[in-house]
Amino acid sequence: MATTAEQGAKTYGNVGDDLITIEAASRYYYIGQENEVRAVDGVTWKIPRGRFLALRGRSGSGKTTLLNLVGGLDQATEGRLFFEGRDMTAMGDRELTKLRRHEMGFIFQTFSLLPVLSAFENVELSMRIAGLGGRARRARTRELLELVGLGERMTHRPFELSGGEQQRVSIARALANEPSLLIADEPTGALDSVTGLEIMMLFRRITDEGGISIAMATHDPALSQFTDDTLLMEDGRLSRAEGPLDFDLPDLVQHIEFDHGLHGDEDLDENGDPVEGAAAEADEAEAVEPAADAAGDDEPPAPANDSEFRPPAQ
Ligand SMILES: Nc1ncnc2c1ncn2[C@@H]1O[C@H](COP(=O)(O)OP(=O)(O)OP(=O)(O)O)[C@@H](O)[C@H]1O
Ligand SMILES: [Mg+2]
């Protein structure tokens, strides 16, 4: 049983270590009744650190139900799930909420942004809830919005953004509390194909450069070009695994470029490589102050690594 201190601590394992382990997990509805549904049926699966994995399958095959178990949004009827060896199935609501808040970020087909808040405020909100100090919070919000290519759209509200831009805001929001795992349920389902590919390229960078794991549900077979592994779901079971694919990106993708690098355009050296430490300083100099924010000096000091994308995964 994990101690309270262990539950609260952020641990950064190595890329490839098991982050989530699922042992014969099932989720049944209407158990024992005529209309019993085996939405997830005896699934065994591992999600390693720093890998981008996809679940592909028809509507009703159980993808969302399985992702909800992984994300601690739902409890397995049978079997066990572990987050870094900690048994999620033995956790109470408070412990699960804490795990979700600190270790997981969620991205949905419908974006789920708050319509009255700007892009900036939408991203900032979960850091407010987590109690991060104002200065650190604003710096990280700007950094994340620049990371997803929305440096010029921070004050826009969701209705003033395209679908792809709204999804980028929700990705920035999902990254806010430095999660170990992003759970993305049909993240490209409401987007055109080029915009969907841009989101996939962003996911690839998040895993490769941020060391974050991504578990994604999709209908689209084309997206497995971007993943490290794609599994097929059928009638609640993971029926087939495809290994990492050896592929050439389609021509289309070669022409897609992001407005900003991981650390922002201005922070690249003459070779185009990121200059370490420059992003946070530049951000502080050109602070965007949302009207609603009245950060006081009494707020807790920010952690030293706050303005970084996340600590190195090694
Ligand atoms: N709360 C619930 N009560 C009863 N049955 C449910 C519930 N949620 C899901 N199901 C059933 O579980 C099965 C799996 O649903 P799930 O939403 O996981 O599928 P999915 O693969 O995500 O489908 P889609 O691609 O359409 O999103 C379906 O048959 C669905 O009807
Ligand atoms: Mg679904």
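Rule-based calculations on the coordinates, nothing more; no lab input. Bear in mind that the values here come from a model prediction, so they are computed numbers and not experimental data. Positions of Cβ are generated from backbone atoms using ideal geometry, with glycine treated the same way; all protein chains shown enter the neighbour counts.
Would you mind getting me the FRET efficiency between His156 and Val194? Use the beta-carbon distance for r and R0 = 25 Å, nearest 0.05. Don't skip to the end; give the middle numbers.
Numbers: r = 21 Å, r/R0 = 0.83.
Efficiency for this residue pair is about 0.75.
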Label-point gap, in nm, between His102 and Asp87 - each point 7 angstrom along Cα→Cβ: 2.0 nm
Sticking with the crude label model, points 7 Å out along Cα→Cβ, report the distance from Ala24 to Thr110 in nm, one decimal please. 3.6 nm
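Out of region 45-154, which trypsin sites (Lys or Arg not before Pro) are coil in DSSP terms and have no more than 12 other C-beta atoms within 10 Å? Can you show the working numbers first?
Numbers: sites: Lys46, Arg49, Arg51, Arg56, Arg58, Lys63, Arg80, Arg86, Arg94, Lys98, Arg100, Arg101, Arg128, Arg135, Arg137, Arg138, Arg140, Arg142, Arg153; in loops: Arg49, Arg51, Arg58, Arg153.
Listed in order of number, the matching sites are Arg58.
Which value, in debye to the nearest 20, describes the size of the charge dipole of region 166-224 about its Cα centre when Lys and Arg Cβ atoms bear +1, Asp and Glu Cβ atoms bear -1, and nothing else is charged?
Details: 4 positive and 8 negative charges, 26 e Å.
Computed about the Cα centre, the dipole is about 120 debye.
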Describe numerically, in nm with one decimal, the distance between label points set 7 Å from Cα along Cα→Cβ at Glu34 and at Glu234. 2.9 nm
Length gained if Arg204 through Arg80 is fully extended, taking 0.36 nm per residue and subtracting the Cα-Cα distance, is 41.8 nm
Placing +1 on each Lys and Arg Cβ and -1 on each Asp and Glu Cβ in region 44-104, then taking the dipole about the Cα centre, the residue among Met88, Leu66, Ala54 whose Cα reaches farthest towards the positive end is Ala54
